[in-house]
1. If Ser69 passes every condition in (1) modelled with pLDDT of 95 or more; (2) among the small types (Gly, Ala, Ser); (3) not in a helix (DSSP H, G or I) but one, which one does it miss?
2. Would you check if Tyr68 is under 15 Å from Cys101 (Cα atoms), open to solvent by less than 20 Å² (accessible area, probe 1.4 Å), aromatic (Phe, Trp, Tyr) and touching a Lys or Arg at 6+ places or on another chain (Cβ under 8 Å)?
3. One residue is enough: does the stretch 113-124 have a residue meeting the conditions assigned to a loop (DSSP other than H, G, I, E, B) and loosely packed, with under 11 Cβ neighbours inside 10 Å?
4. Name the strands (runs of 3 or more DSSP E) wholly inside the stretch 139-178 in which the number of residues that are touching a residue at least 60 places away in the same chain (Cβ under 8 Å) is 3 or more.
5. Tally the residues that are open to solvent by less than 100 Å² (accessible area, probe 1.4 Å), more than 25 Å from Ala105 (Cβ to Cβ) and polar (S, T, N, Q), restricting the search to the stretch 146-167.
6. Against the condition more than 19 Å from the chain's Cα centre (by Cα), under 23 Å from Gly104 (Cα atoms) and at pLDDT below 95, how does Lys131 come out, does it pass?
7. Out of the residues in the stretch 32-46 that are of a type outside the set (Asp, Glu) and open to solvent by 30 Å² or more (accessible area, probe 1.4 Å), which is farthest from the chain's Cα centre (by Cα)?
8. Consider Leu110 against the criteria (1) of a type outside the set (Phe, Trp, Tyr); (2) surrounded by 14 or more Cβ atoms within 10 Å (Cβ to Cβ); (3) not in a loop (DSSP other than H, G, I, E, B): it satisfies all of them except one. Which criterion is unmet?
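The values are calculated or read from the model by the stated rules, or taken from the named source; none is laboratory data. Please read these numbers as outputs of a predicted model, since none were measured by experiment. Glycine also receives a Cβ, built like all others from the backbone with ideal geometry; neighbour counts cover every protein chain displayed. For accessibility, only protein heavy atoms count, side chains too; no ligands or nucleic acids. Shrake-Rupley method; radii C 1.70, N 1.55, O 1.52, S 1.80 Å.
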Amino acid sequence: ISLQYRYQEWSCHSLIYDWSYMEATKLEKLKKILEPEIKKEGLILYKLAFTKESGQQTLQVMVCHEDYSLDLDTCEKISDKLSQILDKEDLLPDSYYLDVCSPGAERELLNDQMILAAIDQYVHIELKDPKAGIDKLEGYLRKFADKELLIEYKDKTRTKQLTVDQDNLRLIRLAVKL
């Protein structure tokens, strides 16, 4: 059974795991151990997730500064530090890869605070239930109030607006406009 858990209790953080409840508990333990060390480096834990690809388990730790930036030297430093902590704590008995990275330019907006901070930015949304024949859309987030988002987008040469209920969002992330 595939389960998905999202923690929104902290302002910029999320735990996502798609295997089992028992594994989600491991992520909670990992968060309690890793987050204080990440904060000591002046970073925030953006997302902590397990992934599995080609049979190989990966622990993905997304970290960034308050402005969502992350330079390579800082990434390397925190990766080494987290690796040492994980080896010492030995919470993951199976082999795994550690992937320490930034949330990226097209990062997912995980909570209301992040959505509000993205007003007037270019976003990509995916809807659970299509609205006006639209299930995916890219445009400018113009407003977010009362759990509704106003997206301004181009339909050929015409500028249009679509109001979307937050509960109908499958995904919202920043997008790079080409």
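1. Among (1) modelled with pLDDT of 95 or more; (2) among the small types (Gly, Ala, Ser); (3) not in a helix (DSSP H, G or I), Ser69 violates only (1).
2. No, not satisfied.
3. Yes: one or more hits.
4. Passing ranges, in order: 169-174.
5. 1
6. no
7. Out of the qualifying residues, it is Lys40.
8. (3)
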